[in-house]
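Right, one structure below, let's go through it.
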Amino acid sequence: MSATHPRELGLTADCENCFGLCCVALPFSASADFAVDKEAGQPCHNLRDDFRCSIHDRLRDRGFPGCTVFDCFGAGQKVSQVTFEGRSWREAPETAARMYAVFPVMRQLHELQWYLAEALTLEAAEPVHASLRQAFDETERLTREPAGALERLDVAAHRAGVNELLLRTSELARAGLKGVERRGADLIGARLRGARLRGANLRGAYLIGADLRGADLRRADLIGADLRGADLSGADLTGAVFLTQAQLNAARGDAATRLPATLARPGHWAEEASAPAPSNRPRPARRPSRGRRR
């Protein structure tokens, strides 16, 4: 691999070249994240004939904030244009069920590629770069397998092997910082304003609704951390390890939040910053999110 940016590697969503798979293949339930119930394989009622969302610019206002935080890591266009060679589920209804089954498999593979690509940019991980590159190439090969092979793929087994490399990468990236170990910790609603979390291990931690204003999260491992509703205003996330756009989209922040160069500041942060703060925010219920990794 010569490219390193996720966009160059096809690991960011390209909705123009996708058949609206996240709006069809995946189920969701009426909740704070979604306004209605939808079964897997049932097109969302907001999906237009051209596979675009009819309320894309108003999703949060219309009760669909869950859609704004979902990230397919580019799996949608890979399934649409490569696996199924540009033929949509509308053009070829007989392929629909298989396409819907392949999409979540492809998403997991692309997510792994995202992490592996980031690991390869870390100078501290140079001792395992050869293994990381080999794992990236093998994962890429798997993404180009036929639909039938992807349906049968043991993603969990492949992920387990990759995760060992990612764990080693994290250790190398955080070496010497003596960061706190809070892997998988229940930090829901925790008061961590100004906390010194540089080099911390927060893999799979529940940080839902946590107050992380002004926290130092430089070089913290955030893979799989649940940041829904966490307040990152003024926090420093530069150099954070394995942080994704979806995690940022699920959190809150402001213009003072410092981010890794490969990630974008969510548009809703500016909107929330100008709105009055809630006087008594309820403690969110814990629930697993798609694609959580520890």
_Qualifying residue in the range 98-119 (condition: at pLDDT 95 or above, part of a helix (DSSP H, G or I), farther than 11 Å from Leu11 by Cβ and among the polar types (S, T, N, Q))_ = yes
*Within the range 223-240, how many residues are part of a loop (DSSP other than H, G, I, E, B) and surrounded by fewer than 24 Cβ atoms within 10 Å (Cβ to Cβ)?*
6
_Take the conditions at pLDDT 95 or above, out of contact with any Pro (no Cβ under 8 Å at 6 or more places or on another chain) and among the aliphatic types (A, V, I, L, M) and apply them to Leu21. Does it pass?_
yes
*Can Arg219 be described as touching a helix residue (DSSP H, G or I) at 6+ places or on another chain (Cβ under 7 Å), outside any helix (DSSP H, G or I) and modelled with pLDDT of 95 or more?*
yes
*asked:* Quick check on the range 184-213: of everything there that is basic (Lys, Arg) and surrounded by fewer than 17 Cβ atoms within 10 Å (Cβ to Cβ), which residue is nearest to Leu132 (Cα to Cα)?
replied: Arg196
*For the range 141-200, how many residues are within 30 Å of Gly234 (Cα to Cα), in contact (Cβ under 8 Å) with a residue 40 or more places away in the chain and either outside any helix (DSSP H, G or I) or in contact with a Phe, Trp or Tyr (Cβ under 8 Å, 6 or more places away or on another chain) (or both)?*
11
*Select from the range 201-217 the residues that are within 19 Å of the chain's Cα centre (by Cα) and free of Cβ contacts under 8 Å to residues at least 24 places away in the same chain and list them in ascending order.*
Leu202, Ala205, Leu207, Ala210, Leu217
*asked:* Within the range 28-53, take every residue that is of a type in the set (A, V, I, L, M, F, W, C) and part of a loop (DSSP other than H, G, I, E, B) and give me the one that is modelled with the lowest pLDDT.
replied: Ala32
*Of (1) over 17 Å from Phe19 (Cα atoms); (2) assigned to a helix (DSSP H, G or I); (3) of a type outside the set (Ser, Thr, Tyr); (4) touching a Ser or Thr at 6+ places or on another chain (Cβ under 7 Å), Arg60 satisfies all except one. Which?*
(2)
_Here's a check for you: in the range 169-182, which residue that is closer than 16 Å to Leu122 by Cα and in contact with a Leu (Cβ under 9 Å, 6 or more places away or on another chain) is surrounded by the most Cβ atoms within 10 Å (Cβ to Cβ)?_
Thr169
*Output the number of residues of the range 26-51 satisfying the condition of being among the acidic types (Asp, Glu) and surrounded by 14 or more Cβ atoms within 10 Å (Cβ to Cβ).*
1
*What's the number of the condition Arg203 fails, among (1) out of contact with any Phe, Trp or Tyr (no Cβ under 9 Å at 6 or more places or on another chain); (2) within 27 Å of Phe103 (Cβ to Cβ); (3) part of a loop (DSSP other than H, G, I, E, B)?*
(1)
_Candidate set: the range 118-147, residues that are surrounded by fewer than 22 Cβ atoms within 10 Å (Cβ to Cβ) and aliphatic (A, V, I, L, M); chosen: the one nearest to Phe84 (Cα to Cα)_ = Ala147
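The values are calculated or read from the model by the stated rules, or taken from the named source; none is laboratory data. The structure displayed is predicted, hence computed values, not measured ones. Neighbour counts are summed over all protein chains in view; Cβ atoms, including those assigned to glycine, are modelled from backbone coordinates with ideal geometry.
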